[in-house]
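Participant: One structure coming up, written as structure tokens, with questions to follow.
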Amino acid sequence: MNDEPVDYETFQAEMRRLLSDLKGATPDVVQAEGERLRNLAEQVRDERGRERARFRAGQLPRLLAGPAKASSEQFQQAQVLFARAINGDGPAETRIPQLERTIEQIGALADEAPVREAGAIRRLNSPLVRLIDHLQSSAG
């Protein structure tokens, strides 16, 4: 890029391209592209957009790395409970109470889990709630 002013949308387009193109790139490449992106952020015309672009440019390595891997015992237990619940079979009248118990158990595991994983554990309940809704509407 040159030193011409750019708008925030141009910066965002470059950020999206890098997020797509740099998956699996070496740390050296990510660092070089991050520096280039920070330079582009400095060229954003308006102050508010420039501030947002600086912030987003600083996030590039973290966004490319993805979320931290869950490793707690609570997360592993919640995954097992989730898999059993989602893959279960049987009539709605028996599955719904089982799903409701699983949701409670997963919630309790989230309460016991490290803070960094608690939200991810709780989010396992969303598909189970949707499954209950589906079973209720199908049975009714």
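Participant: In terms of the ratio Rg/(2.2 N^0.38 Å) built on C-alpha atoms, what value belongs to region 8-65?
Facilitator: Expressed relative to 2.2 N^0.38 Å, the Cα Rg reads 1.04.
Participant: Now, a different point. Which value results for Rg/Rh of region 73-139 when Rg is the Cα radius of gyration and Rh the Kirkwood radius based on the inverse mean 1/r?
Facilitator: Reported Rg/Rh, Kirkwood definition of Rh: 1.00.
Participant: Using alpha-carbon pairs under 8 Å, 6+ residues apart, how would you state the relative contact order of the chain in percent?
Facilitator: 20 percent
Participant: Relative to the longest principal axis of the chain, what angle (0 to 90°, nearest 10) does the C-alpha long axis of helix 8-21 take?
Facilitator: Tilt relative to the chain: about 60 degrees.
Participant: Angle check, please: helix 27-42 long axis (alpha carbons) against the longest principal axis of the chain (alpha carbons), in degrees 0 to 90, nearest 10.
Facilitator: 70 degrees
Participant: Tell me what the chain gives for mean residue ellipticity at 222 nm when only DSSP H runs of n ≥ 4 count, each as -39,500 (n - 2.57), the sum divided by the residue total, rounded to 500 deg cm²/dmol. Walk me through the numbers before you get to the answer.
Facilitator: On the way: 7 runs with 109 residues, N = 140.
Calculated at 222 nm, the ellipticity per residue is -25500 deg cm²/dmol.
Participant: Right, something else. Counting only C-alpha contacts under 8 Å and six or more residues apart, can you give the relative contact order of region 73-139 as a whole percent?
Facilitator: 42 percent
Participant: Taking the 0 to 90 degree range and rounding to the nearest ten, how far is the long axis of helix 92-112 tilted relative to the main principal axis of the chain, both from C-alpha atoms?
Facilitator: 50 degrees
Participant: Using the Karplus curve 6.51 cos²θ - 1.76 cosθ + 1.60 with θ = phi - 60°, what ³J(HN,Hα) values do you get for each residue of region 120-133, in whole Hz, with x for Gly and Pro?
Facilitator: Residue by residue, region 120-133 yields 5, 5, 4, 5, 4, 6, 4, x, 5, 5, 5, 5, 4, 4 Hz.
Participant: Give me, ordered by chain and number, the residues 5 or more places off residue 6 or on other chains with an amide H under 5 Å from its own placed amide H.
Facilitator: Result for residue 6 returns 44, 45.
Participant: How large is log10 of I(q)/I(0) for the chain at q = 0.09, 0.13, 0.20, 0.22 Å⁻¹ when the intensity is taken from the Debye formula with one equal scatterer per alpha-carbon?
Facilitator: Cα-only, vacuum Debye calculation for the chain: -0.49, -0.73, -1.00, -1.14.
Here, each number is a calculation from the coordinates, and none is a lab measurement. From a predicted model like this one, the values you see are computed outputs, not experimental measurements.
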